[in-house]
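Structure first, then comments.
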């Protein structure tokens with residue numbers, strides 16, 4: 001059973017944002033900024 005961590009979700013969000021860049025840059029930028037802000041709050 002694989003435990004889904006907050007970090008793995010954020011990494012997924014960033015990858016999704018990269019794919020969205022071609023379709024909807026505005027949404028992708030918002031998602032990426034959110035993921036980066038959240039990842040700074042999580043101590044690795």
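Computed values, structure above
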| quantity | calculated |
| --- | --- |
| Total residues in the stretch 11-26, condition touching a helix residue (DSSP H, G or I) at 6+ places or on another chain (Cβ under 6 Å) and in a helix (DSSP H, G or I) | 4 |
| Any chance residue 28 is at pLDDT 90 or above and under 13 Å from the mean Cα position of the chain (by Cα) | no |
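The values are calculated or read from the model by the stated rules, or taken from the named source; none is laboratory data. The structure displayed is predicted, hence computed values, not measured ones. Ideal geometry is used to build each Cβ from the backbone, glycine not excepted, and the neighbour counts take in all protein chains shown.
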